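Colleague: Input: one structure, supplied below.
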Amino acid sequence: ALLCVLIAGELVGAVLALIYRGEVEKTLLESMEAQVKNDYHPGEEGPFDAWNYLQVKLECCGANNYTDFKNSYWWNNTRTIKNGTQEYVPMQCCKLSGGDYQSPQVGNFKKCQEDARDHYEDSDNLYTDGCYENLQSWFQQHSLIFMIIGFAVAGVQILGIICACSLRRNLRSGKYTA
């Protein structure tokens, strides 16, 4: 009975996810925009590290694009001048030549910041795409894997129900004794 309730809950969850997909996407975008604006700074290690990781791995910058950082908490309080170059976007928004999200090695930091300042959309040094769009693309590319995993889990649960029913029937018929 517990497995039946679990499967029913999973089905309801899947249907609700399909029905409210637009609302979930809207809420996600709004949350991402708010985090870039208010929570992206070294004092907020959770959001700060998560955004740095996301920007490096998905090769993106900000929620919508690199201009999201303008007038954000990071912009107004923590951006610095490095080697005589004013920061317009975090280093993780610049295309890397090595390193990782925690210690990025930027290919051309000065050119990246100039491209951000000048709103150069075809930059070879700056990630101009937003992370929301790139995250959506990643989920779409991997949706088949998620569906296969979901069906496999459902199959194992159904197999468990069948085995439990079979065992119960055999116990009642006296084939097995407890």
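The values are calculated or read from the model by the stated rules, or taken from the named source; none is laboratory data. Note that the structure is a prediction, hence the values are computed from the model and not measured. Don't worry about glycine lacking a Cβ; one is built from the backbone with ideal geometry, like all the others, and counts go over all protein chains shown. Heavy atoms of the whole protein, side chains included, go into the accessibility calculation; ligands, DNA and RNA do not. Shrake-Rupley method; radii C 1.70, N 1.55, O 1.52, S 1.80 Å.
Colleague: For region 146-156, check the following and say yes or no: at least one residue is under 20 Å from residue 81 (Cβ atoms) and open to solvent by less than 50 Å² (accessible area, probe 1.4 Å). I'd like the intermediate steps shown before the answer.
Modeller: Taking region 146-156 and keeping what is under 20 Å from residue 81 (Cβ atoms), we get none.
Checked region 146-156: no residue is under 20 Å from residue 81 (Cβ atoms) and open to solvent by less than 50 Å² (accessible area, probe 1.4 Å).
Colleague: Which of the residues belonging to region 61-98 are touching an Asp or Glu at 6+ places or on another chain (Cβ under 9 Å), aliphatic (A, V, I, L, M) and either free of Cβ contacts under 8 Å to residues at least 24 places away in the same chain or on the phi > 0 side of the Ramachandran plot (or both)?
Modeller: Correct list: 81 only.
Colleague: Checking residue 15 against (1) touching a helix residue (DSSP H, G or I) at 6+ places or on another chain (Cβ under 9 Å); (2) free of Cβ contacts under 8 Å to residues at least 60 places away in the same chain: exactly one of these is not met. Which one?
Modeller: For residue 15, the failing item is (1).
Colleague: Also, I was wondering about something else. Of the numbered conditions (1) part of a helix (DSSP H, G or I); (2) without any contact (Cβ under 8 Å) to a residue 60 or more places away in the chain; (3) not basic (Lys, Arg), residue 123 fails exactly one; give the number of that condition.
Modeller: (1)
Colleague: Criterion first (surrounded by fewer than 10 Cβ atoms within 10 Å (Cβ to Cβ) and closer than 30 Å to residue 37 by Cα) does residue 140 satisfy it? Don't jump to the end; show me each part of the working.
Modeller: Details: surrounded by fewer than 10 Cβ atoms within 10 Å (Cβ to Cβ): yes; closer than 30 Å to residue 37 by Cα: yes.
When the stated conditions are applied, residue 140 passes them.
Colleague: For region 18-60, how many residues meet the condition of being acidic (Asp, Glu) and either touching a residue at least 12 places away in the same chain (Cβ under 8 Å) or in contact with a Lys or Arg (Cβ under 6 Å, 6 or more places away or on another chain) (or both)?
Modeller: 5
Colleague: May I pose another question? Among residues belonging to region 68-80 that are open to solvent by less than 70 Å² (accessible area, probe 1.4 Å) and part of a loop (DSSP other than H, G, I, E, B), point out the one that is modelled with the highest pLDDT. Walk me through how you get there before you give the answer.
Modeller: Just the residues of region 68-80 that are open to solvent by less than 70 Å² (accessible area, probe 1.4 Å), to begin with: 68-69, 72, 74-75, 78-80.
Next, from what is left, pick out any that are part of a loop (DSSP other than H, G, I, E, B): 72, 79-80.
On the way: 72: 92, 79: 80, 80: 80.
Among residues in region 68-80 that are open to solvent by less than 70 Å² (accessible area, probe 1.4 Å) and part of a loop (DSSP other than H, G, I, E, B), the one modelled with the highest pLDDT is 72.
Colleague: Out of all the residues in region 40-83, which are of a type in the set (Gly, Ala, Ser) and within 18 Å of residue 125 (Cα to Cα)?
Modeller: Within region 40-83, just 62 meets the criteria.
Colleague: Is it true that some residue in region 22-36 is at negative phi, among the aliphatic types (A, V, I, L, M), assigned to a loop (DSSP other than H, G, I, E, B) and surrounded by 16 or more Cβ atoms within 10 Å (Cβ to Cβ)?
Modeller: no
Colleague: For region 126-140, give me each residue that is assigned to a helix (DSSP H, G or I) and either at positive phi or touching a residue at least 40 places away in the same chain (Cβ under 8 Å) (or both).
Modeller: Selection gives 131, 132, 133, 134, 135, 136, 138.
Matching residues to (1) open to solvent by less than 30 Å² (accessible area, probe 1.4 Å); (2) in contact with a Lys or Arg (Cβ under 8 Å, 6 or more places away or on another chain):
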{"site": "66", "(1), (2)": "yes, no"}
{"site": "82", "(1), (2)": "no, no"}
{"site": "96", "(1), (2)": "no, no"}
{"site": "105", "(1), (2)": "no, no"}
{"site": "120", "(1), (2)": "no, no"}
{"site": "124", "(1), (2)": "no, yes"}
{"site": "132", "(1), (2)": "no, no"}
{"site": "136", "(1), (2)": "no, no"}
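Colleague: Residue by residue through region 41-63, note down the ones that are assigned to a loop (DSSP other than H, G, I, E, B), hydrophobic (A, V, I, L, M, F, W, C) and surrounded by fewer than 19 Cβ atoms within 10 Å (Cβ to Cβ).
Modeller: Passing the criteria: only 58.
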